[in-house]
1. How high is the relative contact order of the range A:11-157? Use alpha-carbon pairs under 8 Å, at least six apart in sequence, and give a whole percent.
2. Could you derive backbone 3J(HN,Hα) for the range A:339-350 from the dihedral phi with the Karplus parameters 6.51, -1.76 and 1.60 (θ = phi - 60°), listing whole Hz in sequence and x where the residue is Gly or Pro?
3. Stick to the Cα atoms of chain A, pair each with every other, and give me the Kirkwood hydrodynamic radius in Å at one decimal.
4. Considering every residue in A:154-164, what mean count of other chain Cβ atoms within 10 Å of its Cβ is obtained?
5. How large is ³J(HN,Hα), in whole Hz, for each residue of the range A:226-240 in order, when computed from phi with the Karplus curve 6.51 cos²θ - 1.76 cosθ + 1.60 and θ = phi - 60°, using x for Gly and Pro?
6. For the protein assembly as shown: lysine pairs with Cα atoms under 15 Å, gap of 8 or more or different chains, count?
7. Using the C-alpha atoms of the range B:13-157, what convex hull volume per residue, in cubic angstrom, is computed?
8. Quickly estimate the mean residue ellipticity at 222 nm for chain B, helices only: each DSSP H run with n ≥ 4 gives -39500 (n - 2.57), and the total goes over all residues, rounded to 500.
There are 2 protein chains.
Amino acid sequence: MTVTVTQAAPREDLSPRVEEMLRQRFALHCENAEAYGTEFAALWRATADHALGGKLVRPRLLLDIHRALVPSADDSATVAAVDIATHIELLHYAFLLHDDVIDGDLTRRKRPNLIGELAASTPATSEEDSLHWARSSAILMGDLMLSAAIMGFARAEVSAHARRRLLDLVEQTILETVAGEHTDVALSHGIIASDVDTVLTMSVYKTATYSFSLPLRAAALLADSSDSAEATLQSVGRHLGLAYQLQDDLLCVFGDHRTHGKDAFSDLREGKETALIAFARSTGTWERIAPRFGSADLSLRDATAMRDLLRECGAERFVVGLIGDQLDAVYALLSEAELAGEISSDAARSILVSASRLEGRQA
Amino acid sequence: MTVTVTQAAPREDLSPRVEEMLRQRFALHCENAEAYGTEFAALWRATADHALGGKLVRPRLLLDIHRALVPSADDSATVAAVDIATHIELLHYAFLLHDDVIDGDLTRRKRPNLIGELAASTPATSEEDSLHWARSSAILMGDLMLSAAIMGFARAEVSAHARRRLLDLVEQTILETVAGEHTDVALSHGIIASDVDTVLTMSVYKTATYSFSLPLRAAALLADSSDSAEATLQSVGRHLGLAYQLQDDLLCVFGDHRTHGKDAFSDLREGKETALIAFARSTGTWERIAPRFGSADLSLRDATAMRDLLRECGAERFVVGLIGDQLDAVYALLSEAELAGEISSDAARSILVSASRLEGRQA
């Protein structure tokens, strides 16, 4: 399935404004932190290093859709959109930090994450002490990032009505994301049995809600779109986000590891309950996959064999089909909304461009 | 030192309203959580059990001072005060949860805390897995409590100006509390050297700011007091909070363990860097305390010997003196503010009543 869309004429890319706002915020936080001691200031500087320089996927999504919804946005509307987009990036970083503590991760995209860096640079007496220090720091910094994100929504320079809706939106988003993460931890401990439906629902809550539905809904809300348009964009976000997560799962096992950022086969070594695995569990092939699934010392040879079994049992084909289903649902939702006059064709196209970027990741 | 104050005529105790509001909130959250699965709903119910039934020290402080500052508060002003008091209690519980994860605590006041209860009731395969599940749940629930607390400030039904000030206040409070906790972790790992000044500053940030300065300042702000009155109450809160923490440190080592809630000598077993210990480190007696300080299996006999050494080296006397200094500073600040007409004598008396309750804990 290929999405062919005509790009609109290029307009100013607003994401550098988000990056600049993030940079200024962190500079101010680093400066203020000095009053609380050198270790706390060092934590802020390390956090700024890790939080800046990301791809700003979520802010871009919000800003692209917002502009498509309000092509003639005045400066104050654009400033408000950049502001909310920036705070969505901070929310993302808050979730990453606590996720990394919970998952015990020390790297992200093959480089040390904040925890890995703090643990390696700390003159603590033992490895256990260094890890405790690094993880405690990440819990605390995650609290500050979460707090900063919510503050950004609470202080948005929009009408009182819009601000109330933004607060409801971010509250609901945090609840769903936490519920998804909680289910993910329960799955990893076998406290909840793994099946395809549970894993898909978990992925929607844990990833799609804050990464896709939140930016889309915030854009709609800032554009003063109708409730039904916002509801459509919420559904679109869920399907897009699920497609994104499923693509990620496929890339980790079947992708060309030289061309994407993920650590080859890390999901198999960590025993991650993806849709691929949930499907494989329901087949007769599972008993040949199970013995080495989740082995931290999985060899490249074993991982490759496991990959072949996931192909053989139909898990790869199943997940590719699921991704197609999600994108079909997006097209259907957008066509219907466009026909009903809920959203403009420009906005629908803008979302399809995002979807096509998503497909490009499969290469 | 004894504080003798005449209590004002008894007025309605507003803390049951806080308890009722907490109860309603948790009931609603538990109901909503059902949509996200049985494990998530169970987490909410367990959290409600642990978060309810506390002594509501912080809400009471806010409500007592607010009433003293605005004796004729109308119903909407009282509702706003009860509302903010309730959200300060949620903030307290958010900090407790993350603090317990960081400190590895499984009990509070001699009973299992949320983490201890979740770990004991989980059918996970190993103790390590049960603890990971319980701590991950506490990190996530702490995020929800923190989020709920900030939301409460953001949605306060007060003027736009007052809401902005409330948001600045809670943001500053969270920053200081996190900075204090971060320093506490650094002290416990020896990353920052322990001395009396560092320990006292840490205690002010970690405990006094959110437990005392926050309720006092919020009361002042809701009462539309002057900036200078609010600044005075901030200082009063720091001194009161420090006195409270120092009292707590004394109780744990020298108190009658049958009459207070703390686990006897737990600070000595955990190697907690209190002002008592920081002082003792500066004396020649320290070399006799050091060898067993922080031993998880400290016997009652060894703990008693350590207590005697802390008395002998002058640490107990030093800390008792520090508490007196804090209370003297409170009296001086209040007298000055009363003379300057910054706060009423009723408000000053109300704070002194809180201070005298504090002294009662020493018995």
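Where a number appears in this text, it was derived from the coordinates with a stated rule and is not lab data. None of these values were measured; they are calculated from a predicted model. With ideal geometry, Cβ positions are generated from the backbone for all residues, glycine too; neighbour counts draw on all protein chains shown.
1. On the way: 135 pairs, mean separation 36.0, N = 147.
Relative contact order for the range A:11-157 comes out at 24 percent.
2. So the J values, rounded to whole Hz, are 4, 6, x, 6, 9, 6, 5, 5, 5, 4, 5, 4.
3. Roughly 21.7 Å, rounded to one decimal.
4. Values: counts 11, 6, 0, 0, 0, 0, 1, 0, 0, 2, 2.
Taking the mean over all residues of the peptide, I get 2.
5. After applying 6.51 cos²θ - 1.76 cosθ + 1.60, I find 6, 4, 5, 5, 5, 5, 4, 5, 4, 5, 4, x, 4, 5, 4 Hz.
6. Values: A:LYS55/A:LYS262; A:LYS110/A:LYS262; A:LYS206/A:LYS272; A:LYS262/A:LYS272; B:LYS55/B:LYS262; B:LYS110/B:LYS262; B:LYS206/B:LYS272; B:LYS262/B:LYS272.
Eligible lysine pairs with Cα atoms under 15 Å apart amount to 8.
7. On the way: hull volume 15.9 nm³, N = 145.
For the range B:13-157, the hull spanned by Cα atoms encloses 110 Å³ per residue.
8. Working: 16 runs with 255 residues, N = 363.
Rounded to the nearest 500, the figure is -23500 deg cm²/dmol.
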